Amino acid sequence: MNRLKKWIIGLCFIVLAVFLWILASPSPEGVLVLEYHQVTEHTDEDAYRYNVPPEDFRQQLSYLQSQGYTTISMLDFMRAKKGKQELPEKPLILTFDDGYEDNYTTLLPILEEYGMKATVYVVTNNIGQPGYLTWNELRDMQGRGIEIGSHTANHQPLTQLPPAMRADEVRLSKLLMEWNGIHTIFTFSYPNGAFDASLPALLQQNDYLTAVTGDAGYNTFATNPYLMQRVNIPHPRFGLLEFKLRLFKAEVFTKLGIHQHLAGENGEDLPITVRRN
Ligand SMILES: [Zn+2]
């Protein structure tokens with residue numbers, strides 16, 4: 001047998017061993033966060049990618065329930081981190097970006113049917129625009145147990161903005177919602193998942209407790225709370241199988257330690273200061 005063959009066979013064994021190890025090792029501990037946008041029947045070309053039809057969404061919720069997941073909010077997660085609350089055995093956070101109106105008309109009734117909660121990240125300059133949530137809908141959703149977070153004022157990737165504009169996007173979106181009776185905005189979602197090393201500190205200065213990215217993986221109390229990982233759930237082309245594969249990908253990434261560098265520069269945990277208002 002020549003050298004190349006030996007090398008290829010050796011490599012195959014290594015790949016097989018890693019694959020078996022991933023399958024055999026227990027599911028990662030931690031909080032699973034899913035990233036959605038719209039839940040609606042409509043299939044407008046632009047929105048198609050970000051839209052999960054209600055029937056697929058119901059299937060996904062049924063599957064998550066059958067796997068023992070229980071929904072919590074970002075605030076529940078942070079309270080548990082401070083020892084003020086117990087987490088369920090398999091905690092799950094369902095998040096919805098951009099603040100589309102179907103989050104009120106279609107998503108909310110489905111969540112209520114399943115007894116689940118969710119977090120909705122709103123772009124404040126879209127509030128009341130056609131196709132987006134109104135102030136009354138937002139207040140009603142919050143009253144019915146939905147957590148509301150900020151997705152900035154204008155949905156521009158923060159990494160492309162000068163410092164003063166970044167600060168405005170983070171601060172004004174939170175203040176505007178709180179002035180309009182949405183109490184209290186503790187959580188943030190980076191537009192386009194774009195972040196850099198300076199943004200966690202900016203969010204902390206503005207009294208946010210958590211922020212979510214678009215990188216797949218599970219989150220633990222050791223995860224930097226301003227870089228929480230999420231599994232993106234786009235329009236499913238292959239039904240529930242595709243959904244299961246996406247969850248599996250997050251599991252593999254966590255087991256292999258991919259994205260773990262996001263958990264703080266030196267694995268440190270940023271101190272949390274909360275101002276009550
Ligand atoms: Zn967005």
A 1.4 Å probe over the protein heavy atoms gives the chain a carbon and sulfur accessible-area percentage of 56
Expected vector for region 123-133, Karplus 3J(HN,Hα) from phi with 6.51, -1.76, 1.60 and θ = phi - 60°, integer Hz, x for Gly and Pro, equals 8, 5, 6, 8, 4, x, 6, x, x, 10, 5
Quick calc: nm separation of the 7 Å Cα→Cβ label points for Leu241 and Trp7 -> 3.6
By the C-alpha gyration tensor axes a ≥ b ≥ c (rounded if a/c is under 1.5, else prolate when a/b exceeds b/c, else oblate), the shape of region 70-188 is oblate
Rounded to the nearest 10 Å², the 1.4 Å probe accessible area of Tyr114 is 40
Taking Cα pairs closer than 8 Å and at least 6 residues apart, the relative contact order of region 23-136 in percent is 28
In whole angstrom, the spacing between the Cα centers of region 2-21 and region 218-239 equals 31
accessible surface per residue for the chain, probe 1.4 Å, DNA/RNA/ligands not counted, whole Å² -> 49
Restricted to pairs 8 or more residues apart or on different chains, the lysines in the chain with C-alpha atoms under 17 Å apart form a number of pairs equal to 5
Non-local residues with an amide H under 5 Å from the amide H of Asp97, with H modelled 1.01 Å from N and Pro and chain starts lacking one, are Tyr36, His37, Tyr121
Scalar couplings 3J(HN,Hα) for region 92-101 by Karplus 6.51 cos²θ - 1.76 cosθ + 1.60 (θ = phi - 60°), nearest whole Hz, x for Gly and Pro, are 9, 10, 8, 10, 10, 8, 5, x, 6, 5
Expressed as a whole-number percentage, the relative contact order of region 30-262 with C-alpha contacts under 8 angstrom and at least six residues apart is 21
For region 128-174, shape from the Cα gyration tensor axes a ≥ b ≥ c, cut at a/c of 1.5 then a/b versus b/c, turns out prolate
Residues whose modelled amide H sits under 5 Å from the amide H of Asp215, counting only those 5 or more places away in sequence or on another chain, are Arg230
Highest mean packing first, using Cβ neighbours within 10 angstrom, the peptides 15-21, 206-212 sort as 206-212, 15-21
Toy charge model, Lys and Arg Cβ at +1, Asp and Glu Cβ at -1: region 30-262 dipole around Cα centroid in debye, rounded to 20, equals 880
Of all DSSP beta bridges having both residues in region 30-262, the percent classed as antiparallel (nearest 5) is 10
A student applying the Cα gyration tensor rule (rounded when a/c is under 1.5; otherwise prolate if a/b is larger than b/c, oblate if not) would label region 30-262 rounded
Rounded to the nearest 0.05, FRET efficiency between Ala194 and Gln85 (Cβ-Cβ, R0 41 Å) equals 0.85
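The values are calculated or read from the model by the stated rules, or taken from the named source; none is laboratory data. Just so we're clear, the structure is a prediction, and the values are computed from it rather than from any experiment. Note that we place each Cβ from the backbone using ideal geometry, even for glycine, and neighbour counts take in every protein chain shown. Accessible surface is based on the protein model in full, side chains and every heavy atom, while ligands, DNA and RNA are left aside. Shrake-Rupley method; radii C 1.70, N 1.55, O 1.52, S 1.80 Å.
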